Amino acid sequence: MEIIQTALEEGLPALSEHQSKKVLEAFGIPTTRETLVHGCKEAVVTAETMGYPVVLKACAAHLMHKSEKNCVRLNLTGPDQVRDAYDSIMDSIDVEIDGILVQEAIHGQRELIMGMTRDPQFGACIMLGMGGIATEIFKDSVFRVAPFDRGEATDMARELKAAAMLGRFRGQARADMDTICNCLMALAAIALDHPEISEIDINPLIIDPQGKVTAVDALVVLGNR
Amino acid sequence: MEIIQTALEEGLPALSEHQSKKVLEAFGIPTTRETLVHGCKEAVVTAETMGYPVVLKACAAHLMHKSEKNCVRLNLTGPDQVRDAYDSIMDSIDVEIDGILVQEAIHGQRELIMGMTRDPQFGACIMLGMGGIATEIFKDSVFRVAPFDRGEATDMARELKAAAMLGRFRGQARADMDTICNCLMALAAIALDHPEISEIDINPLIIDPQGKVTAVDALVVLGNR
Amino acid sequence: MLDKILNARSVAIIGASKNPTKRGYQAIKTLLEDGYEGKIFPVNPREDSVLGIPCYDSITSIDQEVDLALITTPAKTIPALLKECGEKKVAGAVIVAGGFRELGTEGKALEALVVETAKESGVRIIGPNTSGMINMKSNMNLVGIKNAPRGGIALICQSGNMALTLITEAMIRKHEGFTYYIGVGNEADIKFHEYLEFLRNDPETKSILMYVEGMSQGRKFLQQAYETTKKKPIVLLKSGRSATGKRSAGSHTGSLAGMSEVANAAYGRAGITVIENSDELFPVAQTLSSQPSIKNNQVAILADGGGHATIGADLLSDYGIGLPELSETTRAKLRAILPAAASVVNPVDVAGGTDSNPAIFADCANIILKDPNVGGLLIVGLFGGYGIRFAESLAIPEEDAAHRIGKMVKQKNKPIVVHSLYSSYNSHPIELLRYYNIPVHDSLDITCKCIASLCQYGDYLKSYHAKTNFVFNWGFRAKKAG
Amino acid sequence: MLDKILNARSVAIIGASKNPTKRGYQAIKTLLEDGYEGKIFPVNPREDSVLGIPCYDSITSIDQEVDLALITTPAKTIPALLKECGEKKVAGAVIVAGGFRELGTEGKALEALVVETAKESGVRIIGPNTSGMINMKSNMNLVGIKNAPRGGIALICQSGNMALTLITEAMIRKHEGFTYYIGVGNEADIKFHEYLEFLRNDPETKSILMYVEGMSQGRKFLQQAYETTKKKPIVLLKSGRSATGKRSAGSHTGSLAGMSEVANAAYGRAGITVIENSDELFPVAQTLSSQPSIKNNQVAILADGGGHATIGADLLSDYGIGLPELSETTRAKLRAILPAAASVVNPVDVAGGTDSNPAIFADCANIILKDPNVGGLLIVGLFGGYGIRFAESLAIPEEDAAHRIGKMVKQKNKPIVVHSLYSSYNSHPIELLRYYNIPVHDSLDITCKCIASLCQYGDYLKSYHAKTNFVFNWGFRAKKAG
């Protein structure tokens, strides 16, 4: 893929969030609607077109921990908030960036983490975790060597300790298991098709109350082992 | 205690939320500020005095699963909302109740569960659990035979798998461990002083962003084994 | 009171028989064969003598003092017999018969009657529904298990089969043996906690091993356990944690099986070492009775091969035990006596350095235990088998090493536990280690569990002082707790 | 290719020696003592003969065909010797010497040179840094372990000590034995997956037992494992999961130790039975090689006492295994042959019903296994010890029961696993059970683990058919995956 080729040629260690999501999208993983903008006005126009609420994030390949660097503004509900957010991000950033991402705000109480890593013994492995404190505190995650089929992807989800949260949970609909499995298989496909990608993180992949899943943040790390 | 005595004489299986909290309060467990009202006007006046937001709940000894019975209204921010809430609860209730509880709304991302049960072998036991999915999915709970001292109460909290959430967590302050320990020891004291109480549930005990803890709902079950 | 029962100097066998398939025959035969130090009085109105000992018509017709009665007759005969025991001022009775609480309502009523009668008669009861009891010191074997080894472990057991299992294990594996075996049966009268109090004060008992299906006075037990574990370890397995398991426990002794989370927390708080796998029960009790506990949760591994060292390190790490870095001094000393290929970090791998002289094991152990970071030592591999596997002549330096390792525990006040592939060969070096009470096992899993139990008990002994409130509250509020 | 190496009909011992402490002497002595069926060619330019066999100056001077060379000389001599092996058209070489990758940069370079030379010379390598290999069928023992029993298990092992442990265990416990032992050492040339492919097609190998510290071609291994577990079980322990464990693995064979979560998921997906406790490794392999798997995850327990039944039920329940209700028919049939006090729900407790006639065990087993809800049977307690513990005469009906139980497995195509307190007494009934390949252990924990492994393998065999995509993708995309 061109994005990857260019990044490799530029010697970048990773793709930006926006680029990472383009790679994921190409393999069928649903991601947030988002546009990379380069000015405050463009941000507002984009937000208006997209519909509120929106999220603004600084976007660059070298920004791996965005929220810690104070360059994310969540849940913006009108043009003034977008303007303020844009300006305050630009003020607080002291490195070169690709631009500012204007992104639809996705809400949901449930989130997943997915990822790809290359194990020294077994090569590409895909990880699925229940996000939030489930991963952070209870280490609720499952691995599979890539590739695998839908049955196997379904098994991964079933093996999560918090698998029940993917069913009807606290008044929310069942998570869209078909798409979750597609995402896992897509990650496997990316890993096999692109040996130049060493790691992928999707964190979080939010499950909305209707059960729809969307990759909200993503990171593709480069580097051929 | 008089409340308990009366309930026993009336042959009630449990105390109402409001009565349960009075028992807890008497042993030093911090509970929500709340008033039992008997009319819509009184509800509004109480809410105004208490300050918004407030919560309205139907209150009776035999209402053990309140939210399922559609008799709780959360996060009411003005007199109109209180009025509507009051009327709609009264409409949906078809059993006799003690009145409507007007209660301060407590917000916090972290919650605990505490309880007392009488084990057939060891007698009164106190339980501490991390609330939410931690208890529901990951069964994160710790038991101790009552009574115990502060050191032991501290150990209980430390033994939770999610103990880290009681420290500084996602920008929130450390939980007030002194009070948490007091609550656990208080439950033990209640268990020993009141053999006529067979079980207690505090669910949830909310930890607010400043680390302050408050018992938001409570249930005292009667019945001398 | 229990002293007169558990250390009885005379036993009446009520239901004595000449029929070799009857318990009333076997019991007397066993007492004679084992050389019971006290007096034996067979009781049976229809016999003149059993196995050459004159029979009495009833216990009241015995003309000497009787401490204990073993009653082998059926359930319904018990109340009347207990009255006679009371008249005779017998201190206690072991009731073998089943047919009480474990059989439902009718049995429960009979059990209540038995307890009532015992109380009125001033007789304490072991059982009913018990395989019996053994006092190893006086050879008072009221069970019939043969060749039970003597040692420092007291066994309190709620299943006759589990007692047989544990005693057989001690016998086969030539480990330490027992002071007492007490089959509590239905725990109708004498309770777990009373046995515990007695055993705490028994100087020969070094550790207490318990298999529990359910106990009726949990709080009193915890209080006694708390007092006991300050002085000697208690190792306990509680069965019946699964639903199905509970059903089986229910039909077995009719005892209550509580929630295992509560039980484990309660036992742990009282300093009891709770075991989940029955294989580990005896080895852990033996380890805790013979080895000083580990004070700092830090252990070194000494190996003569990579595989065992790697697995051992995995297992200790699973238990949350630290493998400390060895000091520069320690490493230098090890380097001086081991070949260049040896690993002198922890795990220490001698890399062939003991092949021609296994005595070097003792030198290494000595150096490692001197390291202040090291709280205890785990030796894994082939020790004890050099004389078998390599050359017979190596058995001599190996025995020398065993002697020195054996003495090291007392000198350094740090424990040593040994895994040896040759454990069951009972070679001289292995036997010597056992002579010094060093635990030796052919299972790496069990060896590591033994180490873990020493760490856990060490932690407990450090921390319980800070929690005196607990006991205070306990005594103060226990009455209210009911 | 591997066939010529692992089933070699002639072996040259390079480094043959007259010194009894040298490997080059011991190897020849072992081959002679064990009665190796092939030809032995000692190679040493400084000796005329070793142990009565004429010596050759070099491998090239041997005037007959040589399939395999055992090289016992130091690391630095290897490349030159491999060239000579190539000239002689030797198929493979077992390289015992250490001093390669496991010793860092210099060793790594030497290992690379060895692999390079081997490739150029057309010689395949087992090792280096290996304790050797054994072919039990032809008595080609290139290790020196004595009295290894022959049987249906192939052992692939990355630690000489672990091999010794497992073989000794089989020997002491009189369990099934081995077809091959292969010490993979540094896995420099022949890889794990190549051995697997060979063993899959070996008709005498019923199951494959592996101890792995790290493997270099995990994907190829998984692919071969996937193909293998359809036909025969693989039982595997992967060590080095702790950080410290990893360090030790690193210094032992210099192999890579991956994340254990990934490894366990990968192995499990390929149908491999992953073991975490080394004690369980051999018993599980033996069980899977001898017993039909359990198709419905439902097991019945048959006990002659409550304690073992309760613990067994707890353990099976921990493994997530169901204890099904027995049908009314089954219960009625059991009631007809057991005393009133017996429990005919699951666990079945004979409650003394076998005391005078242990043959009733076989009747019970037969009735229980006929129940369609029951997928397999666990017998716990004293079976095999009735003749020892109660009366010698009981040994005869006990042997009868053992015969019938032994034959039942094939008749019913359902597995039986036996826990017996008397397992290590090797009584006739126990030996008979073993003759019929019924697993018998004195550890309840291990017995239950054996049952659990039969359930797990049964589940796998039912489900893998649905996942053909996996293999398809695998072959299709493996090249891209790199």
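The values are calculated or read from the model by the stated rules, or taken from the named source; none is laboratory data. Owing to the predicted nature of the structure, the values given are computational and were not obtained by experimental measurement. FYI the Cβ positions are ideal-geometry reconstructions off the backbone, even for glycines, and counts take in every protein chain you see. Calculation scope for accessible area: heavy atoms of the full protein, side chains included, ligands and nucleic acids excluded. Shrake-Rupley method; radii C 1.70, N 1.55, O 1.52, S 1.80 Å.
Carbon and sulfur: what percent of the stretch A:9-147's accessible surface (1.4 Å probe)?
50
Output, in nm with one decimal and in ascending order, the distances from the residue C:393 label point to the matching label points of the other copies (7 Å from Cα along Cα-to-Cβ).
In nanometres, ordered from closest: 5.8.
Expressed as an acute angle from 0 to 90° and rounded to the nearest 10, what is the orientation of the C-alpha long axis of helix D:105-121 relative to the principal long axis of chain D?
Result, in degrees: 80.
Where a Cα-Cα gap under 12 Å defines reach, which aspartates and glutamates qualify for residue D:238, not counting those fewer than 8 residues away within the same chain?
Of all the aspartates and glutamates, those that pass the test against residue D:238 - Cα under 12 Å, at least 8 places apart if same chain - are C:314, D:213, D:261, D:276.
Mind checking the mean number of beta-carbon atoms from other chains within 10 Å of the Cβ atoms in D:263-276?
Taking all residues of D:263-276 together, the mean is 3.
Between helix D:218-229 and chain D, what is the angle of the helix's C-alpha long axis to the longest principal axis, kept within 0 to 90° and rounded to the nearest 10?
40
When only C-alpha pairs under 8 Å and at least 6 residues apart count, what is the relative contact order of the stretch B:33-104, in percent?
Relative CO of the stretch B:33-104 lands at 53 percent.
About the Cα centre of the stretch A:33-104, how large is the charge dipole given +1 on each Lys and Arg Cβ and -1 on each Asp and Glu Cβ? Please answer in debye to the nearest 20.
160
When the solvent-accessible surface of protein heavy atoms is calculated with a 1.4 angstrom probe, in what order do D:47, D:325 fall, highest first? Write out the running numbers ahead of the final one.
Numbers: D:47 50, D:325 130 Å².
The ordering from most to least exposed comes out as D:325, D:47.
Per-residue mean of other chain beta-carbon atoms within 10 angstrom of the beta-carbon, peptide D:383-392? Show your work: numbers first, answer last.
Numbers: counts 0, 0, 2, 0, 0, 1, 5, 2, 2, 0.
Averaged over the peptide's residues, the number is 1.
Can you pull the three principal axis extents for the Cα set of the stretch D:310-456, in Å, largest first?
For the stretch D:310-456, the Cα spread along each principal axis is 38, 32, 29 Å.
Provide a whole-number value for the mean count of partner chain Cβ atoms within 10 Å of the Cβ atoms in peptide B:187-194. List each step's numbers first, then the result.
Details: counts 0, 3, 3, 0, 3, 8, 3, 1.
Per residue, the average neighbour count from other chains is 3.
How far, in whole Å, is the nearest Cβ of chain B from the axis relating it by rotation to chain A, and which residue carries it?
B:138, 2
Among DSSP beta bridges lying fully in the stretch A:33-104, give the percent that are antiparallel, nearest 5.
If I count the DSSP bridges inside the stretch A:33-104, around 100 percent turn out antiparallel.
Quick check on the protein assembly as shown: of the DSSP beta bridges with both residues there, what percent are antiparallel, nearest 5%?
50
Applying 1/(1 + (r/R0)^6) with R0 = 60 Å to the Cβ-Cβ distance of residue A:91 and residue C:411, what FRET efficiency is obtained, to the nearest 0.05?
0.30
Tell me, what is the FRET efficiency for residue D:172 and residue C:1 to the nearest 0.05, using R0 = 45 angstrom and their Cβ-Cβ distance as r?
The value I calculate is 0.45.
When the Karplus curve 6.51 cos²θ - 1.76 cosθ + 1.60 is applied with θ = phi - 60°, which whole-Hz ³J(HN,Hα) does each residue of the stretch B:196-210 get, with x for Gly and Pro?
6, 8, 9, 8, 9, 10, 10, 7, x, 10, 8, 9, 7, x, 8
Run a plain Debye calculation on chain C (Cα atoms as equal point scatterers, no solvent) and give log10 I(q)/I(0) at q = 0.07 Å⁻¹, rounded to two decimals, same order as the q list.
The calculated log intensity ratios at q = 0.07 Å⁻¹ are -0.43.
Just to make sure I understand: if all protein chains stay in place, what is the order of C:449, D:39 by accessible area at 1.4 Å, largest first?
Final ranking, largest accessible area leading: D:39, C:449.
Applying the Karplus parametrisation 6.51 cos²θ - 1.76 cosθ + 1.60 with θ = phi - 60° to the phi angles of the stretch D:434-445, what ³J(HN,Hα) value in whole Hz is obtained for each residue in order, glycine and proline being reported as x?
After applying 6.51 cos²θ - 1.76 cosθ + 1.60, I find 5, 4, 8, 6, 6, x, 10, 9, 8, 9, 5, 4 Hz.
Provide a list, ordered by number, of residues in the stretch C:175-223 showing at least 40 Å² less accessible area with every protein chain present than when their chain is taken on its own, using a 1.4 Å probe.
SASA drop of 40 Å² or more in the stretch C:175-223: C:219.
Estimate for me the total accessible surface buried between chains B and C (protein heavy atoms, probe 1.4 Å, no ligands or nucleic acids), in Å² to the nearest 100.
About 2000 Å² of accessible surface is lost on pairing.
Once amide H atoms are placed 1.01 Å from N in the peptide plane, what residues at a sequence separation of 5 or more from residue C:70, or on another chain, have their amide H within under 5 Å of its amide H?
C:12, C:13, C:14, C:94
First check a/c for the protein assembly as shown, with a ≥ b ≥ c the square roots of the eigenvalues of its C-alpha gyration tensor; if it is under 1.5, answer rounded, and if not, answer prolate when a/b is larger than b/c or oblate otherwise. Intermediate results must be reported in sequence, preceding the final value.
On the way: a/c = 1.89, a/b = 1.02, b/c = 1.85.
Note, shape of the protein assembly as shown comes out oblate.
Could you work out what % of the accessible surface of the stretch D:295-379 is carbon and sulfur, using a 1.4 angstrom probe and leaving DNA, RNA and ligands out of the count?
52
Give me the aspartates and glutamates in straight-line cross-link reach of residue D:230: C-alpha distance below 19 Å, same-chain residues under 8 apart excluded.
A:149, A:152, D:194, D:197, D:202, D:204, D:459
Using only Cα atoms, find the angle between the long axis of helix D:328-337 and the longest principal axis of chain D, and express it within 0 to 90 degrees, rounded to the nearest 10.
Here the helix axis deviates by roughly 80 degrees.
What's the total accessible area buried between chains C and D, using a 1.4 Å probe, rounded to the nearest 100 Å²?
Approximately 4200 Å², summed over both chains.
Tell me, what is a quarter of the convex hull surface for the C-alpha atoms of the stretch D:82-188, in nm² with one decimal?
On the way: hull surface 27.3 nm².
Result: a mean projected hull area of 6.8 nm².
Given an 8 Å cut-off on Cα distances and at least 6 residues of separation, report the relative contact order of chain B as a percent.
It rounds to 24 percent for chain B.
Can you give the Kirkwood hydrodynamic radius of the stretch C:72-134 from its Cα pairs, in Å with one decimal?
It works out to 11.5 Å.
How far is residue D:319 from itself in the other copies, in nm, if each label sits 7 Å out from Cα along the Cα-Cβ line, shortest first?
Distances between equivalent label points, in nm: 2.4.
Tell me the per residue accessible area of the protein assembly as shown using a 1.4 Å probe; a whole number in Å² is fine.
It amounts to 37 Å² per residue over the protein assembly as shown.
Counting only C-alpha contacts under 8 Å and six or more residues apart, can you give the relative contact order of chain C as a whole percent?
10
If I model a spin label as a point 7 Å beyond the Cα along the Cα-Cβ vector, how far apart are those points for residue A:159 and residue A:48 in nm?
5.1
Which lysines does residue C:146 reach when only Cα atoms under 18 Å apart count, and residues fewer than 8 places away in its own chain are ignored?
Leaving aside lysines fewer than 8 places away in the same chain, those within reach of residue C:146 are C:22, C:29, C:137, C:174.
Cα convex hull of the stretch A:33-104: how many Å³ per residue?
Working: hull volume 5.2 nm³, N = 72.
Per-residue hull volume (Cα only) is 72 Å³.
If you bin every alpha carbon distance in the stretch D:40-85 into 5 Å steps from zero, what whole percent lands in each bin?
Result returned by the calculation: 5, 21, 31, 27, 13, 3.
How big is the gap, in Å, between the Cα center of the stretch C:444-462 and the Cα center of the stretch D:1-77?
48
Taking a label point 7 Å from Cα toward Cβ, how far is residue D:108 from its twins in the other copies, in nm, shortest first?
7.3
Can you list the residues of the stretch A:134-157 that have at least 30 square angstrom less accessible area with all protein chains present than in their chain by itself, probe 1.4 Å?
At a threshold of 30 Å² (probe 1.4 Å), the residues of the stretch A:134-157 that become less exposed are A:136, A:137, A:138, A:143, A:145, A:147, A:149, A:152.
Looking at the square roots a ≥ b ≥ c of the eigenvalues of the Cα gyration tensor of chain B, which shape do they give, rounded for a/c under 1.5, prolate if a/b is larger than b/c, or oblate?
On the way: a/c = 2.09, a/b = 1.28, b/c = 1.63.
Oblate shape, in that a/c is at least 1.5 and b/c is the bigger or equal ratio.
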